[in-house]
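The values are calculated or read from the model by the stated rules, or taken from the named source; none is laboratory data. What you are looking at is a predicted structure, and each value in this text was computed from that prediction instead of being measured. Positions of Cβ are backbone-derived with ideal geometry, glycine not excepted, and every protein chain shown enters the neighbour counts. Areas reflect the complete protein model, heavy atoms only, side chains present, ligands, DNA and RNA absent. Shrake-Rupley method; radii C 1.70, N 1.55, O 1.52, S 1.80 Å.
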Amino acid sequence: GIVPCVPASWTAAIDWDTLVTLSGLMLLTTVSEVSGFFDVLGRKMARRFVTERQLAIFMVLAAALLSTFLTNDVALFIVVPLTLTLKKWCAIPVNRLIIFEALAVNAGSLLTPIGNPQNILLWGRSGLSFFGFIGQMLPPAAAMMMNLLALCWFSFTANRLSYQSSD
């Protein structure tokens, strides 16, 4: 039968390495968010794109990249507010872009041991090195990203962006 976990053994049931890693990632994200670094960077970068498609592909790639080292959920905490701010600067289908960003963070987070909480746990149990894990995950992550970028290409237009303010 099933033996219940007695209170005295609760601390032994916790995967402390995973908990510490997630806590550190949350701290890093909070510092990044509070500093306003990504908002300033995003505002400056958005001005460099001419078309809706270029901006969408950049945001999808940025979301995927962030999720490889900040976890998928945390990457969304940074990218979605930035995307909502983009609506103030230029006409872009924000809801569609957020959906693509959500897909991108899941594809990007697949690649690294710290990309999502499940990977942290799997990596810890696998015995693989950091780069060994990436090597194993590269083919499915690359396939997902290539499909997502192709879909993104067809889902956003090549229309010129018109910026509404001068910041």
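Can you say whether ASN106 is polar (S, T, N, Q), modelled with pLDDT of 85 or more and crowded, with 17+ Cβ neighbours inside 10 Å, as far as the supplied structure shows? Yes. Within the stretch 21-38, residues that are farther than 13 Å from PRO81 by Cβ and polar (S, T, N, Q) reach partners that are modelled with pLDDT of 75 or more and assigned to a helix (DSSP H, G or I) with beta carbons closer than 7 Å, at six or more positions or on different chains, in the pairs THR21/ILE120.
Inspect all residues belonging to the stretch 34-51 and state whether any of them is outside any loop (DSSP other than H, G, I, E, B), within 29 Å of TRP153 (Cβ to Cβ), more than 13 Å from the chain's Cα centre (by Cα) and at pLDDT 80 or above. For the stretch 34-51, residues outside any loop (DSSP other than H, G, I, E, B), within 29 Å of TRP153 (Cβ to Cβ), more than 13 Å from the chain's Cα centre (by Cα) and at pLDDT 80 or above: present.
Under the condition of being out of contact with any helix residue (DSSP H, G or I) (no Cβ under 6 Å at 6 or more places or on another chain), of a type in the set (Val, Ile, Thr) and over 13 Å from PHE156 (Cβ atoms), the residues counted in the stretch 81-113 number 1.
Out of ALA63, ALA56, which single residue is at pLDDT 80 or above, open to solvent by less than 20 Å² (accessible area, probe 1.4 Å), under 13 Å from the mean Cα position of the chain (by Cα) and more than 17 Å from VAL31 (Cα to Cα)? Working first, answer last.
Details: ALA56 fails: under 13 Å from the mean Cα position of the chain (by Cα).
Matching residue, one of ALA63, ALA56: ALA63.
Take LEU76 and tell me if it is surrounded by fewer than 19 Cβ atoms within 10 Å (Cβ to Cβ) and either over 10 Å from the mean Cα position of the chain (by Cα) or modelled with pLDDT under 90 (or both). So LEU76 fails the test. What about GLY124, is it over 18 Å from GLU52 (Cβ atoms) and either out of contact with any helix residue (DSSP H, G or I) (no Cβ under 8 Å at 6 or more places or on another chain) or surrounded by fewer than 20 Cβ atoms within 10 Å (Cβ to Cβ) (or both)? Yes: the conditions hold for GLY124.
Rundown of residues vs (1) over 15 Å from ASN147 (Cα atoms); (2) touching a residue at least 24 places away in the same chain (Cβ under 8 Å); (3) among the basic types (Lys, Arg), yes/no style:
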site	(1), (2), (3)
ALA75	yes, yes, no
VAL79	yes, yes, no
LEU82	yes, yes, no
THR85	yes, yes, no
TRP89	yes, yes, no
ILE92	yes, yes, no
ILE98	yes, no, no
ASN106	no, yes, no
PRO113	yes, no, no
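When the test is whether a residue is part of a helix (DSSP H, G or I) and open to solvent by 10 Å² or more (accessible area, probe 1.4 Å), LEU84 passes it. Within the stretch 127-167, the set of residues being under 26 Å from LEU86 (Cα atoms), open to solvent by 70 Å² or more (accessible area, probe 1.4 Å) and among the aliphatic types (A, V, I, L, M) comprises MET144, MET146, LEU151.
Return yes or no: is THR68 under 17 Å from the mean Cα position of the chain (by Cα), surrounded by 14 or more Cβ atoms within 10 Å (Cβ to Cβ), modelled with pLDDT of 85 or more and more than 30 Å from ASN159 (Cβ to Cβ)? Against the criterion (under 17 Å from the mean Cα position of the chain (by Cα), surrounded by 14 or more Cβ atoms within 10 Å (Cβ to Cβ), modelled with pLDDT of 85 or more and more than 30 Å from ASN159 (Cβ to Cβ)), THR68 qualifies.
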